[in-house]
Amino acid sequence: MIVLGIETSCDETSVALVEDNKVLANLVYSQISTHKKFGGVVPEIAAREHLKKLPALFNQLLTETQVDMMQVDGIAVTKGPGLIGALLVGVSFAKGLALRYRKKLVGVNHIVGHVYANHLVYPELKPPYVVLMVSGGHTLILKTEDDFSVKLLGRSVDDAVGEAFDKIARLLGLGYPGGPEIDKIAKTGNPKAFNFPRPKMHDSDYDFSFSGLKTSVLYEIKRLQASNVSELPISDLAASAQEAMIDVLLYKVTKAAKDNNVRKIVLAGGVAANSRLREKLNEYTSEFEFYIPPLEFCSDNAAMIARAGLELLKNGVDHGLMLEPVPNLFEMDEIAIG
């Protein structure tokens with residue numbers, strides 16, 4: 001089965017062709033350079049960029065793979081959660097293709113798409129497993145019980161971890177997006193230089209909170225400035241803040257796995273690319289099996305959407321031309337594949 005995937009939930013425009021677990025091509029146009037000067041994603045600009053890039057990427061995809069649309073079994077598109085304008089562009093484009101080529105069309109939950117990125121590289125991966133979903137918009141702990149049942153165990157009660165990275169990077173005068181900037185500069189810093197708090201780390205639940213950590217970094221910067229230091233220890237501050245966040249993430253997800261008698265832990269989302277997070281997994285390998293997507297499948301991409309859509313199509317799902325984007329899909333449907 002060959003599936004065309006389309007992803008336009010935020011600031012990456014992506015199209016892909018996936019045949020079972022094999023990625024024939026996965027094209028991604030990142031808008032980071034466009035939004036960098038604003039310090040974050042501007043929704044109207046993001047939608048306009050998708051509108052400009054999507055048709056060209058689609059034509060490039062067919063040219064590179066030499067796949068004819070008549071060979072494609074179905075189309076999978078991100079229906080939410082995400083920015084409504086950006087989602088509308090992708091869903092509308094997918095509908096046009098479905099109508100023109102008479103193809104089945106399924107809408108995919110973006111969060112579950114990130115989980116399915118792992119199935120592209122670990123075809124042996126089978127439920128049950130626990131997922132640490134970490135991105136700019138979401139920090140979640142999920143339990144996948146079967147291919148269509150994903151249970152929410154915990155979530156951030158305020159900032160997502162990627163959002164916290166962005167805000168702390170801004171406080172430190174670093175660039176956007178904050179996660180990669182902090183990851184890079186923290187390599188030269190001391191993660192024990194500052195004892196930042198680990199909010200909710202030892203609570204009985206699996207929820208997160210990162211806004212207080214961000215405030216602690218702000219107060220530490222003000223304290224240092226008041227002491228008339230000649231130069232802020234940016235790398236130490238970055239390394240210490242990063243360490244605090246990662247400690248909480250790993251403690252919570254391993255606790256969830258133990259409590260649910262699961263040995264397999266899957267990472268998903270853009271923050272899964274963090275090098276320190278990946279490094280610290282080694283401390284837990286005697287107890288758990290970790291599944292970590294390669295870097296190209298951590299950030300938003302259409303291959304993961306196609307792979308999740310494949311499951312829906314194999315089970316006879318066809319949302320058809322009635323499909324509509326749902327920007328607050330997570331709040332409405334909890335976690336469903338589509």
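The values are calculated or read from the model by the stated rules, or taken from the named source; none is laboratory data. This structure is a prediction, so every number in the text was calculated from the model and none was measured. Don't worry about glycine lacking a Cβ; one is built from the backbone with ideal geometry, like all the others, and counts go over all protein chains shown.
Identify, please: which residue in the range 298-311 is aliphatic (A, V, I, L, M) and under 18 Å from Pro123 (Cβ atoms) and is, among those, surrounded by the most Cβ atoms within 10 Å (Cβ to Cβ)? Step through it out loud before you land on a result.
Quick first cut of the range 298-311, residues aliphatic (A, V, I, L, M) only: 302-306, 308, 310.
Restricting the remaining residues to those that are under 18 Å from Pro123 (Cβ atoms) gives 303-306, 308, 310.
Working: Ala303: 28, Met304: 34, Ile305: 38, Ala306: 33, Ala308: 29, Leu310: 25.
So the residue we want is Ile305.
Taking the listed residues Lys187, Lys192, Lys252, Lys200, the one that is among the charged types (D, E, K, R), in contact with a strand residue (DSSP E or B) (Cβ under 7 Å, 6 or more places away or on another chain), touching a residue at least 12 places away in the same chain (Cβ under 8 Å) and closer than 16 Å to Lys280 by Cβ is Lys252, with no other qualifying.
Checked against (1) under 18 Å from the mean Cα position of the chain (by Cα); (2) closer than 21 Å to Glu19 by Cβ; (3) in a helix (DSSP H, G or I), Ile337 passes all but a single condition, namely (3).
With the condition kept exactly as written, say whether any residue in the range 56-76 is under 30 Å from Val262 (Cβ atoms), within 21 Å of the chain's Cα centre (by Cα) and surrounded by 18 or more Cβ atoms within 10 Å (Cβ to Cβ).
Filtering the range 56-76 for residues under 30 Å from Val262 (Cβ atoms) gives 76.
With the extra rule that they be within 21 Å of the chain's Cα centre (by Cα), the set shrinks to 76.
Right, trim to surrounded by 18 or more Cβ atoms within 10 Å (Cβ to Cβ) and you get 76.
Within the range 56-76 (the criterion being under 30 Å from Val262 (Cβ atoms), within 21 Å of the chain's Cα centre (by Cα) and surrounded by 18 or more Cβ atoms within 10 Å (Cβ to Cβ)), the answer is yes, since at least one residue qualifies.
Of the residues making up the range 11-49, those that are modelled with pLDDT of 95 or more, of a type outside the set (Val, Ile, Thr), within 23 Å of Gly74 (Cα to Cα) and touching a helix residue (DSSP H, G or I) at 6+ places or on another chain (Cβ under 7 Å) are Ser14, Ala16, Leu17, Leu24, Ala25, Asn26, Leu27, Tyr29. The combined condition, being in contact with a Phe, Trp or Tyr (Cβ under 7 Å, 6 or more places away or on another chain), assigned by TED's automatic domain parsing to the domain that holds Leu323 and either crowded, with 20+ Cβ neighbours inside 10 Å or farther than 16 Å from Ile305 by Cβ (or both), is fulfilled by Val15. Only one of the numbered conditions (1) in contact with a Cys (Cβ under 7 Å, 6 or more places away or on another chain); (2) within 24 Å of Gly316 (Cα to Cα) is violated by Gly5, and that is (1).
Take Arg278 and tell me if it is surrounded by fewer than 24 Cβ atoms within 10 Å (Cβ to Cβ) and out of contact with any strand residue (DSSP E or B) (no Cβ under 6 Å at 6 or more places or on another chain).
Details: surrounded by fewer than 24 Cβ atoms within 10 Å (Cβ to Cβ): yes; out of contact with any strand residue (DSSP E or B) (no Cβ under 6 Å at 6 or more places or on another chain): yes.
Against the criterion (surrounded by fewer than 24 Cβ atoms within 10 Å (Cβ to Cβ) and out of contact with any strand residue (DSSP E or B) (no Cβ under 6 Å at 6 or more places or on another chain)), Arg278 qualifies.
Annotation note: Cβ proximity below 6 Å between a residue of the range 264-286 that is in contact (Cβ under 8 Å) with a residue 12 or more places away in the chain and at negative phi and a residue that is among the aromatic types (Phe, Trp, Tyr) and assigned to a strand (DSSP E or B) (sequence gap 6+ or interchain) occurs for Lys264/Tyr129; Ile265/Phe290; Val266/Tyr129; Val266/Tyr291; Leu281/Phe290. From the list Val108, Val115, the one residue that fits, being crowded, with 20+ Cβ neighbours inside 10 Å and modelled with pLDDT of 95 or more, is Val108.
So that you can scan it fast, the table gives a plain yes or no per residue for (1) free of Cβ contacts under 8 Å to residues at least 60 places away in the same chain; (2) among the acidic types (Asp, Glu); (3) not assigned by TED's automatic domain parsing to the domain that holds Gly270:
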| site | (1), (2), (3) |
| --- | --- |
| Leu97 | no, no, yes |
| Tyr101 | yes, no, yes |
| Asn109 | no, no, yes |
| Val121 | no, no, yes |
| Val130 | no, no, no |
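Just a yes or no: is a residue in the range 34-52 under 24 Å from Ile292 (Cα atoms), outside any strand (DSSP E or B) and not assigned by TED's automatic domain parsing to the domain that holds Glu181? No, every residue in the range 34-52 fails to be under 24 Å from Ile292 (Cα atoms), outside any strand (DSSP E or B) and not assigned by TED's automatic domain parsing to the domain that holds Glu181. Based on what the data block shows, is Gly74 over 20 Å from Glu296 (Cβ atoms) and touching a helix residue (DSSP H, G or I) at 6+ places or on another chain (Cβ under 6 Å)? Criteria met by Gly74.
Of the strands (runs of 3 or more DSSP E) lying entirely inside the range 125-235, those containing at least 3 residues that are surrounded by 21 or more Cβ atoms within 10 Å (Cβ to Cβ) and β-branched (Val, Ile, Thr) span 129-134, 139-146.
Residues in the range 60-112 that are among the acidic types (Asp, Glu) and either in contact with a His (Cβ under 6 Å, 6 or more places away or on another chain) or closer than 28 Å to Val41 by Cβ (or both): Glu64 alone.
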